[in-house]
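Note sheet for the following structure.
Please treat every number below as a calculation from the coordinates, not as lab data. Being a predicted model, the structure only gives us computed values, none of them experimental. Note that each Cβ is placed from the backbone with ideal geometry, even for glycine, and that neighbours are counted across all protein chains shown.
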Amino acid sequence: MSRTVDEANRAVGRIRRMPYGVARTEIAEQEARRIEEEGPAETLAYALFALVESYVWGGEGAKAYVPFRRSIRLWDTSPELFDEGDRHDFFWAFKWMVTGLVEYPDVPATQITATIADMERRYAVAGNGLDAVAYAAFRWAEHTGDPDVELAFTAWAATPRDEYSQCEACELGDQAVHLAATGRVPEAIRVIETVPPTTRWCATEPADMLSVLALAHLDQGDAGAALEAHRRAVAALADTQSDMVGARGRRLELLARGGATDRALEALASDGHLLVDADSPLGQLRFGIAVLRALAALPDVGERPVAVPGVPAATVGELGAWTAERSRSLAAAFDARNGSDRLVREVEAAASVRPSETPLSLTVIDPAAVAGTAPTVAAVTPPPGGSSSRDAEPAGQHLGGSGAGPLAVAGHDDASFPTAPAAPADAHLALAEEHLAADRPAQAVASYQVAAGLLDAAGRLADAGLAWAEAARCADLLGDVDGSHAGYVASTARLRAAGTPPGLLTRVVVAWAPVAARAGGAGDVLAVVGVLRPALRSLVEAERPEAAVDLVERERGAARRALADLDDTAARLLAAAPRRRPPPRGRTRTQPPTRPPTPTPSRSRSAPPRPTPRSGRSPTPPTRSGWRGACSATPAASRTPSGAWSPPPRGSASRGTRCAPRWAASSSRCCAAPASTPGPTRSSRSWRDDVGR
């Protein structure tokens, strides 16, 4: 039985709302075949576009060219089958094709240049703007090392933007990348630092441009500015929607050149899988060059152990040798296709990178100072109304004064931060949230620490513990794992002293566990788990005949879920701990944000913001199979090296003490996905909401 146009459109629309991956791609293939065989013909263009989109965003870009060519034949023979939305999709897909073809060395150069020429001709005939064409020509010239690349760059920069342009943030980021790569570092810094405040961020920005900015400042010898940009890049990177080989590679190089040896090696272990399974061969080459640059800046690490999935290497030295050989092979393949030696020369030049003369200090929370702030239960006298009273504030408190305790406010340089006399604790908590909203996570950590000290002095231990938990979580995202671990220790000590409900304390412990696993503090977490389990078990087994049955069942269900999360956390800690090797004494370490589970293409493969769809079509952008929670309880990981922390599966109750990104969440959806709806905003709910604040 044949379907109506509305029915077929709805079927394709349902596919476009699926997460990218194998399942979606297979269904898209089946639907395209069915419509080709059975009709209705009016839906074929839409179905082919959905198939192209599925291949490109599902990590199979090389397969997208076949259905794309079918779309071209359909356009040439039956243009009446394309409605306004199909027309827009058709021209948008040209952008994907040019970018995708460049990234595979077995695609002939003649095919790429012919595709760009065909794109220009068709855009001109249709009366479209030519900004996307100029950008495609520049990217191809840059990739091949064309002597006229600067002419192509100038032509692109001078071409007016139009409806087929990439998003403004990506455009500025690409300009900065090119300027920095060609030695115009101050100009690249100027482009990034003068980005209009009204710019709408996307799924790859501002992480990409901030990683460029951090390295640029390091090249200029400005360690403070490099550190600030790096921290912002790390925070934004946690909310990206592609493999981000450029930003992750630059992050690795910055850590290595900045003297953060252990953190660089942990970043290598975490992101090293991109050497073999980045979304394309060009992505693998780009990350390989970044690894070689980073290793060239790391002294005396050749015998350090490392485990990277898919790479036959047990030490850093073996990994470097394997990466150099593979990168030379990939570069040679691309250069043979491109008719140049640009990429081979870039691989060889990576060995000349040296450490920066301005090392970076990545500490956000000073563990030694935090250790002196732990209260004892006997020393605390709760103010009238209980430990969570909002009214009791210490008189005459000054920041860093004796009443507030020895607080470590590392890296705080915000001139707006109050210095004397101290504001009430709640004002500092509000200030921390303002810092997060303004993309100043390091300052937020400082505000949370000051608030925790004031809350300690006021006897509000539960609130102080939650402030420490917020500070610890932000510190982890900024790469300060040792400081984050110390913050969680301080948090749980206060929460336990305040008699915090075990369910809430469990959420903090679950967030703490992956940090403790990397900081060598699994025993601290397991000690708290040993106290929490009996408390949760008693809640599950408690008989309360005086309470309503449905209330008792809800409370028991919550306790069972918390107990399951706690058991899962303990099991993962125990599984990871035996394989862990402690770093040399006196060094710090970190785990960088992990790669989102679903592979997606580079930022230039933008998906179109569709015009208003006709009947049966949904404008809703497709969802991702990966979860996006920059400050959730545990970081997501699609691959877990042996001995590393393995997060709970997607959908676990332990996920998401705050599921929305915290300081990188003001962005809209990427230009690389249909921009019909804004992105998620930062949740207004926090741990503190659960203690009656």
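Tally Lys and Arg at +1 and Asp and Glu at -1 over the other residues with C-beta under 10 Å from the C-beta of G483: what net charge comes out? Before the final figure, lay out the partial values.
Details: positive: none; negative: D366, D476, D480, D482.
Residues close to G483 contribute a combined charge of -4.
If I take R0 = 56 Å and measure r between the Cβ atoms of R73 and V552 in this structure, what FRET efficiency does the formula 1/(1 + (r/R0)^6) give, to the nearest 0.05? Walk me through the numbers on the way to the answer.
Numbers: r = 66 Å, r/R0 = 1.18.
So the FRET efficiency works out to roughly 0.25.
Take the Cα of D106, step 7 Å along the line toward its Cβ, and report every residue of region 331-353 whose backbone nitrogen sits under 18 Å from that point.
Inside the label zone: 331-338.
Step through the residues of region 267-275 one at a time and calculate ³J(HN,Hα) from phi using the Karplus curve (6.51 cos²θ - 1.76 cosθ + 1.60, θ = phi - 60°), rounding each to whole Hz and writing x for Gly and Pro.
So the J values, rounded to whole Hz, are 4, 5, 5, 6, 9, x, 4, 5, 4.
Take the Cβ-Cβ distance between A117 and A430 as r, set R0 to 45 Å, and report the resulting FRET efficiency rounded to the nearest 0.05.
On the way: r = 57 Å, r/R0 = 1.28.
Once the sixth-power term is evaluated, E becomes 0.20.
What residues have an amide H closer than 5 Å to that of T315, excluding those fewer than 5 places away on the same chain, when H is modeled at 1.01 Å from N in the peptide plane?
Residues meeting the amide H criterion: V306.
Starting from the Cα-Cα distance between A124 and R561, subtract it from 0.36 nm times their residue separation and give me the gain in nm to one decimal.
151.3 nm
Per 0.36 nm of contour for each residue apart, how much would the distance between A23 and E303 grow if the chain were fully extended, relative to their Cα-Cα spacing?
Details: separation 280, 0.36 × 280 = 100.80 nm, distance 4.21 nm.
Length gained, A23 through E303: 96.6 nm.
How much net charge surrounds G221 when only the other residues with a Cβ under 15 Å from the Cβ of G221 are counted, with Lys and Arg +1 and Asp and Glu -1? Before the final figure, lay out each step's value.
Values: positive: R257, R354; negative: D219, D222, E228, E357.
Every neighbour counted, the sum reads -2.
Could you give the Stokes-Einstein D for region 88-232 in µm² per second, using the C-alpha Kirkwood radius, 37 °C, 0.692 mPa s? Write down the numbers at each step before the final one.
Values: Rh = 16.3 Å.
D, rounded to a whole number, is 201 µm²/s.
If one computes the Cα centroid of region 319-374 and of region 433-456, what distance in Å separates the two points?
Measuring centre to centre over Cα atoms gives 33 Å.
How many nm separate the modelled label positions at E36 and T199, each set 7 Å beyond the Cα in the direction of the Cβ?
4.2 nm
List the equivalent ellipsoid semi-axes of region 157-300 in whole Å, largest first, each obtained as the square root of 5λ for an eigenvalue λ of the Cα gyration tensor. Don't jump to the answer; show the numbers that get you there.
On the way: eigenvalues 122, 65, 36 Å².
For region 157-300, the semi-axes come out at 25, 18, 13 Å.
DSSP loop GluC sites (Glu not before Pro) in region 483-580 with at most 12 other Cβ atoms within 10 Å of their Cβ, which ones?
Numbers: sites: E541, E543, E546, E553, E555; in loops: E543, E546.
Loop-located and lightly packed - E543, E546.
What's the magnitude of the charge dipole for region 281-336 around its Cα centre, counting Lys and Arg as +1 and Asp and Glu as -1 at the beta-carbon? Answer in Debye, nearest 20.
On the way: 5 positive and 5 negative charges, 37 e Å.
So the magnitude is around 180 debye.
Given an 8 Å cut-off on Cα distances and at least 6 residues of separation, report the relative contact order of region 225-294 as a percent. Intermediate values should be presented prior to the final figure.
Values: 51 pairs, mean separation 26.7, N = 70.
Normalised by residue count, the contact order of region 225-294 is 38 percent.
For each of I27, I365, I112, count neighbouring Cβ atoms within 10 Å of the residue's Cβ, then give the residues from fewest to most.
Values: I27 18, I365 30, I112 22.
The most exposed by this proxy come first: I27, I112, I365.
Fewest first, what order do S54, S78 take by the number of other Cβ atoms within 10 Å?
On the way: S54 29, S78 13.
Listing S54, S78 from fewest to most nearby Cβ atoms yields S78, S54.
For region 113-194, run through the trypsin sites (Lys or Arg not before Pro) and keep only the ones in DSSP coil with at most 16 other Cβ atoms within 10 Å of their Cβ.
Details: sites: R121, R122, R139, R161, R184, R190; in loops: R161, R184.
Within region 113-194, the qualifying trypsin sites (Lys or Arg not before Pro) (loop, at most 16 other Cβ atoms within 10 Å) are R161, R184.
Mind giving me the FRET efficiency for L574 and V540? R0 is 22 Å, r the Cβ-Cβ distance, nearest 0.05 is fine.
With a Förster radius of 22 Å, E is 0.45.
Going highest first, how would you order 193-204, 497-508, 439-450 by mean Cβ packing within 10 Å?
On the way: 193-204: 16.8, 497-508: 21.9, 439-450: 27.0.
Ranked by mean Cβ neighbours within 10 Å, highest first: 439-450, 497-508, 193-204.
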